[in-house]
Amino acid sequence: MKMIFFILKEKKKIKLNNFHKLLCGKFRPGHFYGVVDVVDRFLSIIKPSFIFLGEKDLQQLILIEKYIYNKHKVKVVICKTIRDKNGLALSSRNFLLNNKEKKIGSKVYKLLYKEKKKFKNDKKKYMLNKLKNKILKCGVKKIDYLEYINIKNIIKSSEKKYKLFIAYYLRSVRLIDNI
């Protein structure tokens with residue numbers, strides 16, 4: 001059976017909020033342009049009334065929501081992160097983890113949850129470094145980023161909404177989360 005793939009050569013101007021340059025965007029340049037382009041194409045074809053996006057990929061959710069806001073008449077429904085009973089955010093990547101690594105991921109979540117409550121902006125850098133060291137001691141191989149960000153201006157909220165964002169590796173599996 002022969003499969004034929006069509007590559008669309010359409011030049012699109014995708015303008016993303018500067019938030020795309022931070023966090024995952026810093027480590028995966030161009031990634032969000034591709035994601036937003038695919039979502040935009042699906043929305044143009046399907047023309048749904050709603051799109052459901054999960055908070056686990058909060059950066060991606062924010063960028064998609066901002067891009068499609070004026071272009072499509074689609075209501076973005078934000079879905080809470082679904083977690084395993086051990087706290088690890090559910091993801092298809094979790095199937096790549098062994099039991100020991102799942103326990104490490106659980107420890108990371110619990111540590112982030114506990115430490116976020118103690119954060120103070122004036123000591124942010126010191127606290128992030130201290131937390132990063134604790135996470136590495138849990139058995140995490142590498143941390144791409146660990147950031148404490150007030151997303152108030154990004155999501156245009158009237159209240160301060162600080163989130164702790166992380167991308168880390170267990171073996172070669174890259175996990176992301178935000179608390």
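The values are calculated or read from the model by the stated rules, or taken from the named source; none is laboratory data. Not measured: the values here are computed from a predicted model. So basically every Cβ, Gly included, is an ideal-geometry build from the backbone, and we count neighbours across all protein chains shown. Only protein heavy atoms, including side chains, enter the accessible area calculation; ligands, DNA and RNA are left aside. Shrake-Rupley method; radii C 1.70, N 1.55, O 1.52, S 1.80 Å.
Distance between the 7 Å Cα→Cβ label points at residue 171 and residue 85: 2.4 nm.
For a paramagnetic label modelled on residue 77 (point 7 Å from Cα along Cα→Cβ), amide N atoms under 14 Å away belong, within segment 45-59, to 48-55. Taking DSSP loops as anything outside H, G, I, E and B, show the longest stretch in the chain free of GluC sites (Glu not before Pro) there with at most 10 other beta carbons within 10 Å. Of all site-free stretches, the longest is 11-158.
Listed by chain and number, the lysines whose alpha-carbon sits under 19 Å from that of residue 161, ignoring those within fewer than 8 places in the same chain, are 56, 66, 80, 114, 116, 117, 118, 120, 123, 124, 125, 152. Percent antiparallel among DSSP beta bridges with both residues in the chain, to the nearest 5? Antiparallel: roughly 75 percent of the beta bridges in the chain. What angle do you read, to the nearest 10 degrees and between 0 and 90, between the alpha-carbon axis of helix 99-116 and the longest principal axis of the chain? The angle comes out near 80 degrees.
Here segment 130-179 has 46 percent of its accessible surface on carbon and sulfur atoms, given a 1.4 Å probe and all protein chains in place.
Compared with the dominant Cα axis of the chain, that is its longest principal axis, helix 124-137 is turned about 80°.
The residues of the chain present an accessible area of 68 Å² per residue when probed at 1.4 Å with all protein chains retained. Residues of segment 124-148 falling in the label zone of residue 18, defined by backbone nitrogen less than 19 Å from a point 7 Å along Cα to beta-carbon, are 147-148.
Solvent-accessible area of residue 83, all protein chains in place: 70 Å² (probe radius 1.4 Å, heavy atoms, ligands and nucleic acids excluded). When P(r) over Cα pairs in 10 Å bins from 0, in percent is calculated for this entry, the matching label among (1) 8, 28, 31, 27, 6, 0; (2) 10, 37, 34, 16, 3; (3) 8, 32, 33, 19, 6, 1, 0 is (3).
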